[in-house]
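Right, one structure below, let's go through it.
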Ligand SMILES: [Zn+2]
């Protein structure tokens, strides 16, 4: 069966999510798979995660700095090529027009073939937890930027004047999907994802307990034969 991500060499992928650590938690195995395949992967983080709970760093400005470094290290472990931090207030992300303009600017600047975010329709995850409102907002911002603003020059014309003309995106992938239509087996990249997650030291507590917990979650999330899979909603735009 042909793989969903059987793209041409030189394909560029931009992953836009709310918080440092979201890329690794939501699709870390897939990111490792994509960089291993030779694709260029870039991250856009909409916040620096300064409200993430971290007893060690009670000062939110310091935590923002720490998390930026952690995210940069995690991205390095996965072979990511470039990171952009937009620095909106963590916990208060809303899909408004100002941020939609900045997300449009980011996508036009990064010129990706494939844009990745998370599903704005997903309120409930694994029947045990509520999806963070920032995750839904990030997904909504990216979906609304990709269509129609990114490819239509009459949206945010000031961006064209600033040197960011309209670009075409061929696919949108949403991680944490309410309804998946692509399931990727990324068992091979489980260890690399775990190593990337371990870089988020301010968030994971004791590393050994964290790894044990990750193993348990692998069972929740795994496909047949204990394979580790990551799920997506994939939208392919007509040429
Ligand atoms: Zn998050």
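The values are calculated or read from the model by the stated rules, or taken from the named source; none is laboratory data. Predicted model, so just to flag it, every value in this text is computed and none were measured. Neighbour counts run over all protein chains shown; Cβ positions are idealised from the backbone, glycine included.
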Okay, helices (runs of 4 or more DSSP H) sitting entirely in the range 163-239 with 1 or more residues that are at pLDDT below 95 and farther than 24 Å from residue 76 by Cβ, I get 207-221
So for the range 100-118 (the condition being within 14 Å of the ligand (Cβ to nearest atom) and within 27 Å of residue 231 (Cβ to Cβ)), does at least one residue qualify? yes
Given (1) away from the ligand (no atom under 16 Å from the Cβ); (2) under 17 Å from the mean Cα position of the chain (by Cα); (3) more than 30 Å from residue 148 (Cβ to Cβ), where does residue 68 come up short, assuming only one miss? (1)
Within the range 8-58, residues more than 18 Å from residue 197 (Cα to Cα), crowded, with 21+ Cβ neighbours inside 10 Å and more than 13 Å from the ligand (Cβ to nearest atom) come out as 13, 14, 39
Assuming residue 160 fulfils every condition listed in (1) within 18 Å of the chain's Cα centre (by Cα); (2) more than 12 Å from the ligand (Cβ to nearest atom); (3) surrounded by fewer than 17 Cβ atoms within 10 Å (Cβ to Cβ); (4) farther than 18 Å from residue 232 by Cα apart from one, which condition is it? (1)
Going by what's in this entry, would residue 103 be described as within 22 Å of residue 30 (Cα to Cα) and within 16 Å of the chain's Cα centre (by Cα)? no
